[in-house]
Amino acid sequence: MSKETILILDKDFHTQWTLKTILESEKYIVLAVDTIERALTNFQEFEVSGFITEKRIDHTNIYEIIQELKKSFPELYVMMLTDENFKEKEYEKIMSAGIDDLFLKPFSIERILIHLQKGLRHRKVLLQKKRLEQRLSEIKTNRTNRNVREVVLGRDNLSQKNDSP
């Protein structure tokens, strides 16, 4: 089984260290960064399976960044950590941005692991579905091409029979 890469984006060193230590002990490859720029660079350089981020990073709208990431990587599992309580409207905004799970700090490591494992299993299903759909599309294309060739060859055979004395 290949190791999955988890990217942590959090300004708090203690949170980064805690998550990195726990996730590495669970055999994940962990990248921990504290700026959005470094996180985006990691998305270009690595196949990131899971993304754990803080809500407030560099005074940037993290929702828009997550929406863009989800456009490029629709199967990406995204978990958000925060120390803020939300009203219903803010919660809806967060979840509609493409965030799969939301945890308030301080968080339970056990719950983080359970949700991460569940999210990564779901990601694998999405990737498998995508591969199967691509394969099905290839099969349909090949079958259509074969049918066209048979029709064309069949016409050629008929015209050759009609042309012969």
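Within the straight-line cut-off of under 15 Å between alpha carbons, the aspartates and glutamates reachable from residue 118 are 4, 26, 75, 100, 101, 110, sequence neighbours fewer than 8 places apart in one chain being disregarded. Compute the long axis of helix 13-25 from its Cα atoms, compare it with the longest principal axis of the Cα atoms of the chain, and write down the angle in degrees, 0 to 90, nearest 10. So the helix axis and the longest Cα principal axis differ by about 50 degrees. Applied to segment 94-99, the Karplus parametrisation 6.51 cos²θ - 1.76 cosθ + 1.60 on θ = phi - 60° returns per-residue 3J(HN,Hα) values of 4, 5, 6, 6, x, 7 Hz, with x for Gly and Pro.
Are any of the pairs 3/105; 11/129; 20/55 more than 24 Å apart by Cα-Cα distance, and if so, which? With Cα atoms farther than 24 Å apart: 3/105; 11/129.
Normalised by the residues of the chain, what does the relative contact order come to in percent, with Cα pairs under 8 Å and at least six apart? Please report the intermediate quantities before stating the final value.
Working: 170 pairs, mean separation 28.6, N = 165.
This gives 17 percent for the chain.
For the chain, take the longest principal axis of its alpha carbons; what is the angle in degrees between that and the long axis of helix 36-45, to the nearest 10 within 0 to 90? Once rounded, one gets 30 degrees. Of the residues 128, 32, 97, the one whose Cα sits farthest toward the positive end of the charge dipole of segment 5-129, with +1 on the Cβ of Lys and Arg and -1 on the Cβ of Asp and Glu, is 128.
Rounded, prolate or oblate for segment 5-129? Axes are the square roots of the Cα gyration tensor eigenvalues, ordered a ≥ b ≥ c, and the cut-off for rounded is a/c under 1.5.
Details: a/c = 1.20, a/b = 1.08, b/c = 1.11.
Judged from the Cα gyration tensor, segment 5-129 comes out rounded (a/c under 1.5).
Scanning residues 5 or more positions from residue 30 or on other chains, those with amide H under 5 Å from its amide H are 6, with H placed 1.01 Å from N in the peptide plane. When shorter helices are ignored and each DSSP H run of at least 4 residues is given -39500 (n - 2.57), the per-residue value for the chain at 222 nm works out to -20500 deg cm²/dmol.
Suppose every K and R has +1 on its Cβ and every D and E has -1 on its Cβ; what is the size of the dipole of segment 1-42 about the Cα centre, in Debye to the nearest 20? Mind showing how you got there, number by number?
Numbers: 5 positive and 7 negative charges, 22 e Å.
That gives a dipole near 100 debye.
For a footprinting-style exposure proxy, rank 89, 3 by other Cβ within 10 Å, fewest first.
89, 3
Cβ crowding within 10 Å ranks 14, 115, 122 as 14, 122, 115, fewest other Cβ atoms first. Close amide H pairs (under 5 Å, H built 1.01 Å from N) link residue 78 with 51, 100, 101, residues at least 5 positions away or on another chain.
State to the nearest 20 debye the size of the charge dipole of the chain about its Cα centre, where the only charges are +1 on K and R beta carbons and -1 on D and E beta carbons. Mind dumping the intermediate values first?
On the way: 28 positive and 27 negative charges, 201 e Å.
Using only the charged Cβ atoms, the result is roughly 960 debye.
Any read-out appearing in this document is the output of simple, stated calculations on the displayed coordinates, not a laboratory observation. Source: prediction; values computed, not measured. Cβ: placed from backbone, ideal geometry, glycine included. Neighbour counts: every protein chain shown.
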